[in-house]
Amino acid sequence: MDWLTQKIPVGKSAAQIFDWLQLHGKGFFDGIAAFMEVMINSILWVLQTPHPLVIVAAFVGLTYALQRNWKTALMVFLGFLFILNQGYWKNTTESLTLVLSACVIVMVIGVPIGISVAHRPRLYAGLQPVLDLMQTLPTFVYLIPAIVFFGLGMVPGLIATVIFVLPAPIRLTHLGISSTPPALLEAATAFGATPNQVLWKVELPYALPQIMAGLNQAIMLSLSMVVIAAMVGANGLGVPVVRALNTVNTSLGFESGMIIVVVAIILDRMLRMGKSND
């Protein structure tokens, strides 16, 4: 029964893998960091260079174009005015940069993977434990290798956010594609549609609400990571929250927490499906 008391070297094995990756993958990780820094800096420049009211007007216009609802557009406008009034514009743009960067990456990766596994049930069955691990493993655990590979700053925060968020678009895209009614697929095939035509003209349009729900979930989960990302040097709304926690500052904590809630509501209403025309 000695094997029951002998500790399985899980942590030691993981440390050896990370050490090997750090030694042999420096160029690869530097390339990823450079790409992400360019993306982050570009989005920051777009959000911070114009006058804040110009960006607010752009968000309000985009909201109305997507929702065709003046009440929703007005709510977004008032939400941004509240952020400006509280003096959190710079922090908000930094958090929006993290959220937008993470969403671009996870949708570009997650949607194709979701489509692929929807057509391969065995592959999805094998992928499910990995997706479960990505979402249930405590975030602080994979922040450690992120710091080791990428140092401190926005990039490790973005990496941790991507790992945590990626399962959502994969699962929801898989759900949308795999739930396409067989009658639609049979009708398209009967009319001579190729597999690519079936995908682009039948499956993706039918799965669009689920894919958009995946994007919405990606945004909400990314926002939930802003505080954790701040602990590894990422700028944004998480910084005042961490500062309030360290100094037991109730006023600052509630104030910055409310801003995060307002940003979440704004983004949720902007991208919510099933809009109404008022």
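Enter the mean projected area of the convex hull around the alpha-carbon atoms of the range 81-237, in nm², rounded to one decimal.
Approximately 10.9 nm², given one-decimal rounding.
For D19 and V261 in the same chain, what is the full-extension length gain: residue separation times 0.36 nm, less their Cα-Cα distance, in nm?
My answer for the length gained is 83.2 nm.
Which of the trypsin sites (Lys or Arg not before Pro) found in the range 50-138 are loop residues per DSSP with 14 or fewer other Cβ atoms within 10 Å of their Cβ?
Taking the range 50-138 and a limit of 14 other Cβ atoms within 10 Å, the loop trypsin sites (Lys or Arg not before Pro) found are R68.
Could you check the spin-label model distance between A125 and A190? Points 7 Å from the Cα along Cα→Cβ, value in nm.
3.1 nm
Excluding ligands, DNA and RNA, what is the solvent-accessible area per residue of the chain at a probe of 1.4 Å, expressed in Å²?
Ligands and nucleic acids excluded, the result is 55 Å² per residue.
Quick one: Karplus J couplings for the range 179-193, per residue in order, coefficients 6.51, -1.76, 1.60, θ = phi - 60°, nearest Hz, x for Gly and Pro?
Values, residue by residue: 8, 4, x, x, 4, 5, 5, 5, 5, 5, 5, 5, 8, x, 6 Hz.
If you stretched the chain out fully between F82 and I8, how much longer would it get, using 0.36 nm times the residue separation minus the C-alpha to C-alpha distance?
Result: 21.3 nm gained on full extension.
Under the √(5λ) rule applied to the eigenvalues of the Cα gyration tensor, what semi-axes describe the equivalent ellipsoid of the range 111-162? Give them in Å, descending.
So the equivalent ellipsoid measures 28, 13, 7 Å along its semi-axes.
From largest accessible area down, sort K201, K7; use a 1.4 Å probe on the protein chains.
Putting K201, K7 in descending order of accessible area: K7, K201.
Rg and Dmax of the range 158-213, using alpha carbons, in Å: what are they?
14.0, 46
How long, wide and thick is the range 147-278, going by the Cα atoms along their three principal axes, in whole angstroms, largest first?
Over the range 147-278, Cα extents along the principal axes are 67, 46, 15 Å.
In whole Hz, with x marking every Gly and Pro, tabulate ³J(HN,Hα) for the range 121-132 from phi via Karplus 6.51 cos²θ - 1.76 cosθ + 1.60, θ = phi - 60°.
Couplings: x, 5, 5, 5, 4, x, 7, 4, x, 5, 5, 4 Hz.
Per Stokes-Einstein, at 20 °C and 1.002 mPa s, what whole-number D in µm² s⁻¹ belongs to the chain, with the Kirkwood radius over Cα pairs as the hydrodynamic radius?
The calculation lands on 102 µm²/s.
With the full set of protein chains in place, find how many percent of the accessible area of the range 142-278 is carbon and sulfur; take the probe as 1.4 Å.
Taking all protein chains in place, the range 142-278 shows 67 percent carbon and sulfur surface.
Where does each of I17, I8, I211 land when they are ordered by accessible area, with a 1.4 Å probe and the largest first?
Most to least solvent-accessible, the answer reads I8, I17, I211.
Tell me, what ³J(HN,Hα) does each residue in the range 82-90 have, in order and in whole Hz, if you take phi through Karplus 6.51 cos²θ - 1.76 cosθ + 1.60 with θ = phi - 60° and put x for Gly and Pro?
Taking θ as phi minus 60°, the curve returns 4, 4, 5, 4, 7, x, 10, 4, 4 Hz for the range 82-90.
I want to check the label-to-label distance for T247 and L74. Put each point 7 Å from Cα in the C-beta direction and report it in nm to one decimal.
So the label points at T247 and L74 sit 3.8 nm apart.
Of the accessible area of the range 19-100, with the probe set at 1.4 angstrom, what percent is carbon plus sulfur?
Reported share for carbon and sulfur atoms: 71 percent.
With all pairs of different alpha carbon atoms counted, what Kirkwood hydrodynamic radius in Å does the range 36-139 show?
16.6 Å
The values are calculated or read from the model by the stated rules, or taken from the named source; none is laboratory data. Computed from a prediction, not measured in an experiment: that's the story for all the values here. For neighbour counting, all protein chains shown are included, and Cβ atoms are generated from backbone atoms with ideal geometry for every residue, glycine included. The area values use the complete protein model at the heavy-atom level, side chains included, leaving out ligands, DNA and RNA. Shrake-Rupley method; radii C 1.70, N 1.55, O 1.52, S 1.80 Å.
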